[in-house]
Amino acid sequence: MNTELKNYIEREIIPRYEHFDRAHDVEHVRTVIRRSLELAETYDVDTDMVYAIAAYHDTGLVNGRENHHLDAGRILAADRELRRWFSEEQIQTMREAVEDHRASSKHAPRSIYGRIVAEADRLIDPATIIRRTVQYGLAHCPELDREGHFARCLEHLRNKYAEGGYLKLWIPESENARQLEALREVIRDPKLIRKAFDKAFDAETAKTPLPEPEKQ
């Protein structure tokens, strides 16, 4: 991997994730980078491109979540520093890969680079998925009480990960397919999902307690 590229991204790009919610923080981007590089070992791809795509994939959250994949693509393409290491054709491929990483995308990624980062971003570990869902709810829906957060968490998990959900998997070599079935077993069992939610919710609210309700 190019040392100058790595130093630039470590200095200028990774720190941006310090300002996002806990579900999309520095730990998240480093995990996506690591998993992307692991998946890349199976394919004939440019590891510098894989690294950069993974590093930029959620930078668009600076403008909000709705179009963050498109905004992240624009941020990557607008970064003149990347021209030190990549051609315009490579940057276009990288931009498309960032744009295609979103789980709710209606089309398949346009290249193997998009498939790699999309798969790496899935990180289907039941405990991690539930924790990140709780983290996002606490950050973006502070008005909800515990039961409200549980209802939101369950709705999100069913819509995205249950049978018929919108999540798509793109890399058959990854462990995500097996992990997805394990998560679905938790979602299907009311006792298991409640236990997993309560564990994550208690851990996260210990860090950031819920606001006290206003007195009438």
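Quick look at the numbers
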| item | result |
| --- | --- |
| Among residues of region 37-64, those that are of a type in the set (Val, Ile, Thr) and open to solvent by 50 Å² or more (accessible area, probe 1.4 Å), counted | 3 |
| Residue satisfying all of: in region 15-24; modelled with pLDDT of 95 or more and crowded, with 16+ Cβ neighbours inside 10 Å; farthest from residue 115 (Cα to Cα) among these | 16 |
| Condition check for residue 95: in contact with a Leu (Cβ under 6 Å, 6 or more places away or on another chain) and either charged (D, E, K, R) or at pLDDT 95 or above (or both) | yes |
| Of the criteria (1) touching a helix residue (DSSP H, G or I) at 6+ places or on another chain (Cβ under 9 Å); (2) open to solvent by 30 Å² or more (accessible area, probe 1.4 Å), which one residue 78 fails | (1) |
| Some residue of region 123-143 being in contact with a Leu (Cβ under 9 Å, 6 or more places away or on another chain), surrounded by 12 or more Cβ atoms within 10 Å (Cβ to Cβ) and of a type in the set (Phe, Trp, Tyr) | no |
| Filter result for residue 42 (without any contact (Cβ under 8 Å) to a residue 12 or more places away in the chain and of a type in the set (Val, Ile, Thr)) | no |
| Among (1) more than 16 Å from the chain's Cα centre (by Cα); (2) not in a helix (DSSP H, G or I), the one test that residue 101 misses | (1) |
| Close pairs (6 angstrom Cβ cut-off, 6 or more residues apart or separate chains): touching a residue at least 60 places away in the same chain (Cβ under 8 Å) in region 27-38, of a type in the set (Asp, Glu) and assigned to a helix (DSSP H, G or I) anywhere | 32/121 |
| Every residue from region 138-167 that is among the charged types (D, E, K, R), assigned to a helix (DSSP H, G or I) and at pLDDT 95 or above | 146, 147, 152, 155, 158 |
| So residue 102, is it out of contact with any Asp or Glu (no Cβ under 6 Å at 6 or more places or on another chain) and surrounded by fewer than 12 Cβ atoms within 10 Å (Cβ to Cβ) | no |
| Condition met for residue 151 (surrounded by fewer than 16 Cβ atoms within 10 Å (Cβ to Cβ), small (Gly, Ala, Ser) and out of contact with any helix residue (DSSP H, G or I) (no Cβ under 8 Å at 6 or more places or on another chain)) | yes |
| Residue among 112, 91 that alone is surrounded by 15 or more Cβ atoms within 10 Å (Cβ to Cβ), in contact with a helix residue (DSSP H, G or I) (Cβ under 7 Å, 6 or more places away or on another chain) and β-branched (Val, Ile, Thr) | 91 |
| Only one of 91, 124 that is part of a loop (DSSP other than H, G, I, E, B) and β-branched (Val, Ile, Thr) | 124 |
| In region 168-196, the residues that are open to solvent by 40 Å² or more (accessible area, probe 1.4 Å), aliphatic (A, V, I, L, M), modelled with pLDDT under 95 and part of a helix (DSSP H, G or I) | 177 |
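Residue-by-condition table, conditions (1) within 19 Å of residue 129 (Cβ to Cβ); (2) part of a loop (DSSP other than H, G, I, E, B):
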position	(1), (2)
4	no, no
15	no, no
23	yes, no
31	yes, no
65	yes, yes
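The values are calculated or read from the model by the stated rules, or taken from the named source; none is laboratory data. Remember, predicted model here, so these are calculated numbers, not experimental data. All Cβ positions, glycine included, derive from the backbone under ideal geometry; neighbour counts span all protein chains shown. Areas reflect the complete protein model, heavy atoms only, side chains present, ligands, DNA and RNA absent. Shrake-Rupley method; radii C 1.70, N 1.55, O 1.52, S 1.80 Å.
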